[in-house]
1. Please determine, by comparing only the residues of the range 29-43 that are more than 20 Å from residue 87 (Cβ to Cβ) and within 16 Å of the ligand (Cβ to nearest atom), which one is surrounded by the fewest Cβ atoms within 10 Å (Cβ to Cβ).
2. Looking at 61, 15, 42, 20, which is the one that is of a type outside the set (Asp, Glu), assigned to a loop (DSSP other than H, G, I, E, B) and touching a residue at least 40 places away in the same chain (Cβ under 8 Å)?
3. Out of curiosity, is residue 122 within 25 Å of residue 193 (Cβ to Cβ), open to solvent by less than 60 Å² (accessible area, probe 1.4 Å), part of a helix (DSSP H, G or I) and modelled with pLDDT of 95 or more?
4. Evaluate the following for residue 200: is it more than 20 Å from the chain's Cα centre (by Cα), among the aliphatic types (A, V, I, L, M) and surrounded by 14 or more Cβ atoms within 10 Å (Cβ to Cβ)?
5. Across the range 69-106, what is the total count of residues that are in a helix (DSSP H, G or I) and over 21 Å from residue 194 (Cβ atoms)?
6. So which of 151, 178, 172 is over 29 Å from residue 40 (Cα atoms) and at pLDDT 95 or above?
7. What pairs come out if I take residues in the range 93-106 that are open to solvent by 10 Å² or more (accessible area, probe 1.4 Å) and pair them with residues that are away from the ligand (no atom under 13 Å from the Cβ) and of a type in the set (Gly, Ala, Ser) whose C-beta lies under 8 Å away, six or more apart or interchain?
8. Name the residues in the range 72-92 that are in contact (Cβ under 8 Å) with a residue 60 or more places away in the chain and of a type outside the set (A, V, I, L, M, F, W, C), would you?
Amino acid sequence: MNAVNAVNAAPFTLGVLVSGSGTNLQAVIDAVAAERLRAKIGVVISNVATAKALDRARAAGIPTAVIEHKAHPTRQAFDAAVVEILRAHHVSCVVLAGFMRIVTSVLLEAFPHRVVNIHPSLLPAFPGVHAQADAIAYGVRISGCTVHLVDSGMDTGPILAQAAVPVLDDDDDASLRDRILVKEHELLPTVLQWIADGRVEVVVPESGTEQGARPRVRIAPRQ
Ligand code: GRF
């Protein structure tokens, strides 16, 4: 049984967007089942009909939806279709878990400061889709993963949490990816529980303050 949010007595409901294998989705499913994450997964949406992540959702009895991007003329129209389904499932927080699409203001404005992404590097290093290969190519000794709020940029939103992973001399993309994934699977459910508990505060700099000042996140101490 899911715990309920003490403020409004509604379950904290996640909508998870996926495109691929869904190991992060599985970590969230497992954390919910183990009650390490007191939330409900309301719906899993994929832009890829064959995504293994959809099988994981179905196996867990979670509603799924496929939204083909080719069926929508613009990114905004695609996102509007996504928002409609998220709202139909009473989602309050959206998780991009290996979702290989750039999202637009249509999604971000529907869920302000409530769209979360997981990325396999220590941002702001190595944004984009080749993060592990880029880390190896650069020769960094430490990489890792980042959970952040999504903004209109590519992997640029306020950072919620990070975990470090050493890069070993004989690492290749696959071995580094697999070691980072282990950390991703711990970090993502942990951060989602912070959000569920209302511990995440987004501090937006007042206009007229230091140029380039970014919104940042404060995590309140556990009650
Ligand atoms: C993960 O490395 C995640 O950080 C990135 O895409 C990958 C998704 O993996 N955004 P999975 O589909 O969760 O297995």
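The values are calculated or read from the model by the stated rules, or taken from the named source; none is laboratory data. As the structure is a prediction and not an experimental result, all values here were calculated from the model. Positions of Cβ are backbone-derived with ideal geometry, glycine not excepted, and every protein chain shown enters the neighbour counts. We work out accessible area using only protein heavy atoms, side chains counted, and drop any ligands, DNA or RNA first. Shrake-Rupley method; radii C 1.70, N 1.55, O 1.52, S 1.80 Å.
1. Taking the candidates together, the pick is 30.
2. 20
3. no
4. Numbers: more than 20 Å from the chain's Cα centre (by Cα): no; among the aliphatic types (A, V, I, L, M): yes; surrounded by 14 or more Cβ atoms within 10 Å (Cβ to Cβ): yes.
Against the criterion (more than 20 Å from the chain's Cα centre (by Cα), among the aliphatic types (A, V, I, L, M) and surrounded by 14 or more Cβ atoms within 10 Å (Cβ to Cβ)), residue 200 does not qualify.
5. Kept after step one, since they are in a helix (DSSP H, G or I), are these residues of the range 69-106: 69-71, 75-88, 105-106.
Right, trim to over 21 Å from residue 194 (Cβ atoms) and you get 69-71, 75-85, 87-88, 105-106.
Of the residues in the range 69-106, 18 are in a helix (DSSP H, G or I) and over 21 Å from residue 194 (Cβ atoms).
6. 172
7. Between residues of the range 93-106 that are open to solvent by 10 Å² or more (accessible area, probe 1.4 Å) and residues that are away from the ligand (no atom under 13 Å from the Cβ) and of a type in the set (Gly, Ala, Ser), the close pairs are 104/152; 105/152; 106/80.
8. If the condition is that a residue be in contact (Cβ under 8 Å) with a residue 60 or more places away in the chain and of a type outside the set (A, V, I, L, M, F, W, C), then 89, 90, 92 are the ones that fit.
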